[in-house]
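S.K.: The structure follows.
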Amino acid sequence: MDMTTTRRVVKTGWMSHDLGGLLFVALGLLLVAAGYLWRGRVLRPLSAKRAQAAVTRDRSRNLLRSADMAIAEARRRAARGEPAIVTVGDVTRVACRHYGHLVEREEAAAALRRRFEAADCRVDCMTDAFD
């Protein structure tokens, strides 16, 4: 009787798992490298109309923030029991100092009126925005 040894090779597929994992890691490293190079820079807006709308939104939002900061600054400056005096000039100064916006008086007055009413400033503030 002849005893031959037979070997059976079972394919486990470990090579395909290693190759897939290697490709996954390589893709991740590629994405990290691309993110490091671009660092969140916007290359170009897709549409000039959308870019202009974004600029307008940012400007109006910054103007409202300037009015909020002017109100808060006036409240800090006011003595106890005295009303805080917030002027349109305060809003234009804050907008120029913090955001670099040169603002028209009417635009600043409209923003101050809006924030004045939203912050319930009639109780403890006075302003020249309604003139």
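The values are calculated or read from the model by the stated rules, or taken from the named source; none is laboratory data. Bear in mind the structure is a predicted one, so any value in this text is a computation, not a measurement. Note: ideal-geometry Cβ built from the backbone for every residue, glycine included; neighbour counts use all protein chains shown. The protein model used for the area step is the full one, side chains on, heavy atoms only, and it has no ligands, DNA or RNA in it. Shrake-Rupley method; radii C 1.70, N 1.55, O 1.52, S 1.80 Å.
S.K.: Ignoring ligands, DNA and RNA, what percent of the 1.4 Å accessible area of the stretch 48-121 is carbon and sulfur?
M.R.: 51
S.K.: In the full protein assembly as shown, how much of Thr92 is accessible to a 1.4 Å probe, in Å² to the nearest 10?
M.R.: We get 40 Å² for Thr92.
S.K.: In the stretch 31-131, what trypsin sites (Lys or Arg not before Pro) fall in a loop by DSSP, with at most 13 other Cβ atoms inside 10 Å?
M.R.: On the way: sites: Arg39, Arg41, Lys49, Arg50, Arg57, Arg59, Arg61, Arg65, Arg75, Arg76, Arg77, Arg80, Arg93, Arg97, Arg105, Arg113, Arg114, Arg115, Arg122; in loops: Arg39, Arg41, Arg80, Arg122.
In loop regions of the stretch 31-131 (DSSP not H, G, I, E or B), the sparsely surrounded trypsin sites (Lys or Arg not before Pro) are Arg39, Arg41, Arg80, Arg122.
S.K.: Any idea how far apart Asp128 and Ala53 come out in nm if each label point goes 7 Å out from Cα toward Cβ?
M.R.: Placing both labels 7 Å beyond Cα along the Cβ direction yields 3.8 nm.
S.K.: Here's something else I'd like to know. Rounded, prolate or oblate for the stretch 48-131? Axes are the square roots of the Cα gyration tensor eigenvalues, ordered a ≥ b ≥ c, and the cut-off for rounded is a/c under 1.5.
M.R.: Prolate, because a/c is 1.5 or more and a/b exceeds b/c.
S.K.: Note down the accessible area of Val123, probe 1.4 Å, to the nearest 10 Å².
M.R.: 120
S.K.: For Val32, tell me the accessible area in Å² from a 1.4 Å probe, rounded to the nearest 10.
M.R.: About 100 Å², ignoring ligands and nucleic acids.
S.K.: For Val32 and Arg65, compute 0.36 nm times the residue count separating them, minus their Cα-Cα distance, and round to one decimal in nm. List each step's numbers first, then the result.
M.R.: Values: separation 33, 0.36 × 33 = 11.88 nm, distance 3.53 nm.
The Val32-Arg65 span can extend by a further 8.3 nm.
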